[in-house]
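Structure first, commentary second.
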Amino acid sequence: MSSLESAIRILQCFTPGTPRLRVTELAERLDLPKSTVSRLLKTLSDGGMLDRDEATRQYDAGPVALQLGALYMAKHSLLDLVDEAVSRLVERFPFTGYVAVLDGADAVVLRCRQGGYPLKFVLDIGTRQPAAEAAMGIGLLSQLDETKLEEALRAGRNAGDNVIPATREAISHFKREGWVEVPCLAVPGITAIGSAVLPPNDREPAIGFSMSFPDAAVDNQKRTEIAREVLTTAQHLTRAATRLASI
């Protein structure tokens, strides 16, 4: 393995979950000699890719890494970033992922990613679904003020005394937890877990996304895993949206 390949592996160890690492930690993770890791870290630090905290002897992202990140963010729209994130979710959970925006009372599907699970119910790109009945739509509704929310709920194709209170409860759950689980009313036995990315300004629209799956294929533990990954993805994307807004 070349020094360049080893340096790339070192950089890949720095994630939102592990933003700061020491020489020993990296050597253990990568099964490399401490001397090799130390030498490469010094080179990366001298070049600005990493910073070293002299007090803790930990390394974290440096100014050049942040510069490259800013260039990447400038090249990719928020929609592209959400689509890429949903693709990664589908790689981990082989079901169907959706990306949507709000139009009136509807969530409009912009992207669809299909996993390898054989049994699936797929909405085509361009499909309009009542946002109040979609996991990818609940978070989008949560951004509306009370007047606009009431208008959207009343305009929904299936608006009624039962649907509107259930939607408000789902919105409350989203605001508390950052994700929501919604059963498919059109196709019994299908459920979706979704969230939304709410940008800090009006330059980019809010974008909802969800993972849809057959109930029979997902036990409670797997549902918890999907919800956790959906939430983590939404948090990462929200930070990305904030960075995009500052460029």
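The values are calculated or read from the model by the stated rules, or taken from the named source; none is laboratory data. Here the structure is a predicted model, which is why all the values come from computation and not from measurement. For neighbour counting, all protein chains shown are included, and Cβ atoms are generated from backbone atoms with ideal geometry for every residue, glycine included.
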Limited to the range 111-161, what total is found for residues that are at pLDDT 90 or above, part of a loop (DSSP other than H, G, I, E, B) and crowded, with 20+ Cβ neighbours inside 10 Å? 1
All positions within the range 193-212 that are of a type outside the set (Gly, Ala, Ser) and at pLDDT 95 or above: Ile193, Phe209, Met211
Unmet requirement for Pro94, which otherwise passes all of (1) at pLDDT below 90; (2) assigned by TED's automatic domain parsing to the domain that holds Ala192; (3) surrounded by 14 or more Cβ atoms within 10 Å (Cβ to Cβ): (1)
Select, from Val86, Val101, Val108, the only residue that is touching a Lys or Arg at 6+ places or on another chain (Cβ under 6 Å) and not in a helix (DSSP H, G or I). Val108
Which condition number in (1) outside the structural domain of Arg228 (by TED's automatic domain parsing); (2) small (Gly, Ala, Ser); (3) closer than 17 Å to Ala192 by Cβ is the one that Ala85 fails? (1)
Out of Arg92, Arg9, Arg88, which single residue is among the charged types (D, E, K, R) and more than 23 Å from the chain's Cα centre (by Cα)? Arg9
Just the residues that are more than 30 Å from Thr232 (Cβ to Cβ) and either touching a helix residue (DSSP H, G or I) at 6+ places or on another chain (Cβ under 7 Å) or surrounded by 14 or more Cβ atoms within 10 Å (Cβ to Cβ) (or both), please, taken from the range 1-32. Ser3
Residues that are within 17 Å of Arg88 (Cα to Cα), of a type in the set (A, V, I, L, M) and touching a residue at least 60 places away in the same chain (Cβ under 8 Å): does the range 235-245 have at least one? yes
Within the range 142-151, identify whether any single residue is hydroxyl-bearing (Ser, Thr, Tyr) and free of Cβ contacts under 8 Å to residues at least 24 places away in the same chain, and answer yes or no. yes
Tell me yes or no: at least one residue of the range 209-226 is surrounded by 13 or more Cβ atoms within 10 Å (Cβ to Cβ), of a type in the set (S, T, N, Q) and touching a strand residue (DSSP E or B) at 6+ places or on another chain (Cβ under 8 Å). yes
